[in-house]
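Colleague: Provided herewith is a single structure, encoded as structure tokens, for subsequent inquiry.
Read-outs throughout are calculated quantities, based only on the coordinates presented, and are distinct from any laboratory measurement. No experiment lies behind these values; they were computed from the predicted model shown. Cβ: placed from backbone, ideal geometry, glycine included. Neighbour counts: every protein chain shown.
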Amino acid sequence: MINRSKACLTLLVFVCLMCGCWDRKELNDQLFDLAGGIDLDESNGNRYLITGQLFVPKSGEGQDPPRSASFLESSRGKNIADAIDNMQQYLSRSMTRGHRRNLFIGEKLARSGISELLDSYTRDPNSRLRTDIWVVKEGTAQDIMKINYPLEKLSAMAPIKIHQAAGGEVGTSLVHYLMASKGEGSSPTLPVVKKFSSPGLDKPTIMFYGRAIFNHKHKLLGYLNYDEAHNRGWIMGTIKNALITTDYQGTVTGFVSQPKSRIYSAVSNSGYVKVEITIKGKIVLKENNSSLVLSEGTDLMKLQQSFNNEIKTQMLNLIHKVQKEYKADVLGIGEAVYRQHPSYWKNHRGKWDNIFVHSEIIIRPKLEIKQIGQQNSPLHVK
């Protein structure tokens with residue numbers, strides 16, 4: 001009898017715990033901040049201009065009058081928390097930032113530094129670490145958030161879909177940035193979007209541009225364009241596929257599946273670092289506008305070598321840009337040296353930025369053509 005009473009009491013406790021809302025906030029009293037934008041706006045003693053795309057939840061079908069699913073609101077403040085508090089003063093519902101997917105940063109703010117922004121975002125328990133943070137090239141965050149993107153109900157969600165369609169990872173840029181800024185030798189990067197007008201059309205849209213490079217003081221150094229950012233992802237192992245075009249007796253384009261890389265480093269007694277990066281992938285031909293007859297092994301091998309030469313040239317141009325122009329290791333070279341030569345790294349970690357600039361980096365391409373399509377040679381070749 002006693003055991004039965006204990007069982008009933010335990011069941012009653014669990015039932016009580018399952019009932020009700022933990023935060024005691026009704027749906028009609030909440031406002032979800034799905035995307036945010038932060039710009040530098042030094043006016044009237046303020047420093048930041050924040051913009052939010054706010055989603056209005058519905059309590060039930062047919063109970064509320066028809067209204068837009070989201071709207072934009074903005075405010076100014078001396079810091080991020082102050083600006084958010086100022087925005088809350090003219091909103092009838094309490095903002096909830098736990099569902100935020102995107103955060104846009106204007107270029108002017110990125111160049112001045114985002115240390116305060118990172119502190120505010122990571123200190124707030126209501127913010128999500130699995131958030132994509134974007135730098136807006138040649139513009140402001142508010143400009144991007146004003147664009148009415150036709151393919152998505154919530155326009156601020158468009159960059160996530162665009163980046164994902166291009167073979168990139170989503171929901172990871174803030175985590176990767178924090179890991180790189182605290183990691184061994186790496187400089188952090190963030191994805192970049194840009195306001196863009198399609199050829200022949202005046203209506204602006206959102207374009208995924210590439211990646212922004214930051215220094216160790218969290219200030220924007222410059223950009224990698226789309227192809228450079230994609231090749232960086234190939235080296236870092238963060239892309240799922242790639243597209244490569246080569247000119248050999250015409251133009252040939254191939255789809256690269258299973259793109260992989262391997263970084264091997266060697267350290268001399270004098271402290272000189274030599275790095276070899278092996279680039280691998282399997283190519284499926286998508287278009288062949290050359291005079292090559294691919295059923296012949298000689299032509300096929302020549303085309304495969306042309307693809308390897310093309311990716312080698314692209315990778316070397318990327319390496320030259322980050323080594324000589326930005327002087328920032330965004331390729332994971334320092335992390336490879338740290339893993340492969342821990343004793344060397346222990347003595348030289350403070351000098352890595354200078355060592356990276358003068359390191360020798362060699363590309364070893366090993367792309368293989370696996371499929372040529374449903375015909376051997378193009379239709380214009382007899």
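Colleague: Quickly work out the T172-to-T278 label distance, labels modelled 7 Å from Cα along the C-beta direction, and quote it in nm with one decimal.
Modeller: Here the answer is 2.2 nm between the modelled labels.
Colleague: Rounded to whole Å and sorted largest first, list the principal axis extents of the Cα atoms in the stretch 26-224.
Modeller: 56, 42, 33
Colleague: Taking the number of other C-beta atoms within 10 Å as the exposure measure, put F208, F196, F104, F55 in order starting with the fewest.
Modeller: Fewest to most other Cβ atoms nearby, the residues stand as F196, F55, F208, F104.
Colleague: Let me know the shape class of the stretch 161-280, please: from the alpha-carbon gyration tensor, a ≥ b ≥ c as square roots of the eigenvalues, rounded when a/c is under 1.5, otherwise prolate if a/b is greater than b/c, or oblate.
Modeller: oblate
Colleague: Would you mind computing, in nm to one decimal, how far apart the modelled labels at N86 and N225 are, each placed 7 Å from Cα along Cα→Cβ?
Modeller: Calculated label separation equals 3.9 nm.
Colleague: Mind listing P(r) for the stretch 64-153? All alpha-carbon pairs, 5 Å bins, whole percents.
Modeller: 2, 10, 18, 26, 23, 13, 5, 1, 0
Colleague: Of N317, N347, V284, which is farthest along the charge dipole of the stretch 227-376 in the positive direction, counting Lys and Arg as +1 and Asp and Glu as -1 at C-beta?
Modeller: Most positive-ward Cα: N347.
Colleague: So between R128 and N269, what do we pick up on full extension, going 0.36 nm a residue minus the alpha carbon distance?
Modeller: 46.2 nm
Colleague: List the extent of the Cα atoms of the stretch 150-210 along each of their three principal axes, largest first, rounded to whole Å.
Modeller: For the stretch 150-210, the Cα extents along the three principal axes come out at 46, 21, 18 Å.
Colleague: What is the projected area of the convex hull of the Cα atoms of the stretch 227-376, averaged over all directions, in nm²?
Modeller: 9.5 nm²
Colleague: Now for a separate question. Can you give the alpha-carbon Rg of the stretch 180-222 over 2.2 N^0.38 Å, where N counts its residues?
Modeller: Ratio of Cα Rg to 2.2 N^0.38 Å: 1.61.
Colleague: To continue, here is another question. Quick one: order V56, V252 by neighbouring beta-carbon count within 10 Å, fewest to most.
Modeller: Fewest-to-most ranking of V56, V252: V56, V252.
Colleague: The stretch 87-169: which GluC sites (Glu not before Pro) are DSSP loop and have at most 13 other beta-carbon atoms within 10 angstrom?
Modeller: Sparse-neighbourhood loop GluC sites (Glu not before Pro): E138.
Colleague: Hey, another quick one. Mind checking the log10 I(q)/I(0) for the stretch 227-301 at q = 0.12, 0.17, 0.20, 0.28 Å⁻¹? Debye, one equal scatterer per Cα, no solvent, two decimals.
Modeller: For the stretch 227-301 at q = 0.12, 0.17, 0.20, 0.28 Å⁻¹, log10 I(q)/I(0) is -0.48, -0.77, -0.91, -1.21.
Colleague: Sorting H163, H320 on the 10 Å Cβ count, fewest up front, what's the list?
Modeller: Listing H163, H320 from fewest to most nearby Cβ atoms yields H320, H163.
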